[in-house]
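Structure, as structure tokens:
The values are calculated or read from the model by the stated rules, or taken from the named source; none is laboratory data. It should be emphasised that the depicted structure is a prediction, and the values quoted were computed from it without experimental measurement. With ideal geometry, Cβ positions are generated from the backbone for all residues, glycine too; neighbour counts draw on all protein chains shown. The area values use the complete protein model at the heavy-atom level, side chains included, leaving out ligands, DNA and RNA. Shrake-Rupley method; radii C 1.70, N 1.55, O 1.52, S 1.80 Å.
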Amino acid sequence: MDTVFALVDCNNFYASCEGVFDPRLVKLPVVVLSNNDGCIIARSNQAKSAGIRMGEPFFEQQDLIDRHNIQVFSANFALYGDMSNRVMETLKQFSPQMEIYSIDEAFLTLSGTSGDPESCAREIRRTVRQWTGIPVTVGLGPTKTLAKAANKFAKRMPGANGVLNLCHNPRLDGYLEQLEVKDIWGVGLRYAKLLNCQGVHNAWQLIHRSDAWIKNNMTVTGLRTVTELRGTPCIRLEHFARPKKAVLTSRSFGQLIRDRAQLSQAVAEFTAASAEKARRQRSAAAFVQVFIETSGFRQEPQYRAFMTVGLPSATGHTPDLIKYAGRALEKIFKPGYNYKRAGVMLSGLVPDSQVQLDLESDQEKHRQKQAVMQAVDKINLSQGRNTVFYAAQGVAKPWKMRQLTLSPRYTTSWADLPVAKA
């Protein structure tokens, strides 16, 4: 039996998450804003129909939002992350071969599952909706690239009812003619412009170019994409996410910072967040980089700087990382400026089981630090983020990002549990 790839994509994921716990939103247009309530990063179908554009600054869309009574939410990543986990756990019921591609997308192979692939895809839609409340669309194809294309068409076609199968589809050429090269998975805008200049505007035109032409213009990676469009699988599922080589946490502040103490708190907060990300993939960091910058949109003196500090030995111990990040901040901080943004990147990541300690390090103390971090992460995972945090991160945090329309953390905070009314 030929392998059938399925691409399951959550519809308007962030907006859908908000609607799960607030049924009145089902018939209302919804938008979700980026950090600091800056730009529009997600829209419901009703908001799209109202003319709301993706990525636009919120303040520029205010009139349109008021006119159409559009419901506005600050990004609630604690809620979205947990809902994503629930969707992915549900999908695991349908296939042992699965790749989590992003927070709202996953590839599965349906070979060996009972029933025909389309019936299975419709069962996936029904089950995910029933168990999590999130609507999904499923694209099927003999390759990952065609499954991705099928998903895109399924969303455009109301008659498809959320499922489209491009395996042995007699209308495949027609679909490929409608698929612009900029919308092909893996092509990107740079190659799309190049292809357009060469007279190639859609997928059907692309697959009829010679392999040599494609390899010369798009390298081996492009040839792999075109081979997939022709129906031959050559991109395998990635069952495990590859460990990142660096992790970054950066934020714009909810208000400008001139005070060094407040900037230190923010840097400590971002360091703790980056350290948690590194430990999540069981890594330790050998370098800490801190950057600070003012707002380029303000008519006032500007300043930006960064510094990288090498550690004696790689570590995932948050207090140690905060200490070195603080030293970097001391070197680059200049008084008299209004700081708008800062960030901390941990790099030189190595597996935490392979950390090479320096001669002065105590092996037993190293193990104790790892045990403490595991305990802290366990508490914060079960009781909510920052249940345990470090004093250096501050308590009041007047600099924290603006989230004026943040919904409750319905699924990750005991205090925010939904209330059922009879």
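Structural remarks
- Residue-wise HN-Hα coupling along the stretch 85-99, computed from phi with Karplus coefficients 6.51, -1.76, 1.60 (Hz; x: Gly, Pro): 4, 5, 5, 5, 5, 5, 5, 4, 5, 9, 6, x, 9, 9, 10
- With contributions of -39500 (n - 2.57) from each DSSP H run of at least four residues, the per-residue ellipticity at 222 nm computed over the chain stands at -12000 deg cm²/dmol.
- Cα-centred dipole magnitude for the chain, charges only on beta-carbon of K, R (+1) and D, E (-1), debye, nearest 20: 500
- Rg/Rh, computed from the Cα trace of the stretch 309-422 with Rh as the Kirkwood radius, has the value 1.05.
- Pairs exceeding 21 Å between alpha-carbon atoms, taken from Lys323/Lys397; Lys152/Lys182; Lys193/Lys215; Lys27/Lys148: Lys27/Lys148.
- Descending by average beta-carbon neighbour count within 10 Å, the peptides 339-346, 183-190 line up as 339-346, 183-190, the highest first.
- Both radii were evaluated on the Cα set of the stretch 53-122; the Rg over Rh quotient, with Rh as the Kirkwood radius, amounts to 1.19.
- Considering every alpha-carbon pair of the stretch 1-120, the percent of pairs per 5 Å bin, from zero through the bin containing the longest distance, is 2, 11, 19, 17, 15, 12, 10, 7, 5, 2, 0, 0.
- By the rule of a C-alpha distance below 17 Å, with chain neighbours fewer than 8 residues away ignored, the aspartates and glutamates paired with Lys421 are Asp22.
- His201 - accessible surface, heavy atoms, 1.4 Å probe, Å² rounded to 10: 100
- The amide H of Arg251, built 1.01 Å from its N in the peptide plane, has Ala342 as neighbours under 5 Å, considering only residues 5 or more places off or on other chains.
- The residues Ile332, Ile379, sorted by heavy-atom accessible surface at 1.4 Å with ligands and nucleic acids left out, run Ile379, Ile332 from largest to smallest.
- Table column - 3J(HN,Hα) (Hz), the stretch 201-214, Karplus curve with 6.51, -1.76, 1.60, x for Gly and Pro: 10, 9, 5, 5, 5, 5, 5, 8, 7, 6, 4, 5, 5, 5
- Average 1/r across all pairs of distinct alpha carbons in the stretch 169-223, invert it, and you get the Kirkwood radius: 11.3 Å.
- Bridge orientation summary for the chain: considering DSSP beta bridges with both residues in this region, about 85 percent are antiparallel.
- Accessible area (Å², 1.4 Å probe, nearest 10) - Lys331: 150
- Per residue Cα convex hull volume in Å³ - calculated over the stretch 124-260: 225
- The calculated P(r) of the stretch 1-60, using every Cα pair and 5 Å bins from 0, goes 4, 18, 23, 20, 14, 7, 5, 4, 4, 1, 0 in percent.
- Partners for Lys365 among aspartates and glutamates (Cα-Cα distance below 17 Å; same-chain residues under 8 apart left out): Asp320, Asp352
- For the stretch 371-418, size of Cβ-based charge dipole, Lys and Arg +1, Asp and Glu -1, in debye: 160
- The heavy atoms of Arg367 present about 120 square angstrom of accessible area, all protein chains included, probe 1.4 Å.
- Per residue, the convex hull volume that the Cα atoms of the stretch 243-366 enclose (Å³): 99
- The stretch 214-246 and the stretch 328-407 have Cα centres spaced 36 Å apart.
- Under-5 Å amide H pairs with Tyr101, H placed in peptide plane, nonlocal only: Ala106, Phe107
- Packing here is the average count of other Cβ atoms within 10 Å per residue, and on that basis the peptides 25-35, 398-408, highest first, run 25-35, 398-408.
- Cross-link partners of Lys155 among aspartates and glutamates, defined as those whose alpha carbon lies under 12 angstrom from its own and excluding same-chain residues fewer than eight positions apart: Asp9.
- Taken about its Cα centre, the stretch 250-336 carries a charge dipole of about 140 debye when Lys and Arg each add +1 at the Cβ and Asp and Glu each add -1 at the Cβ.
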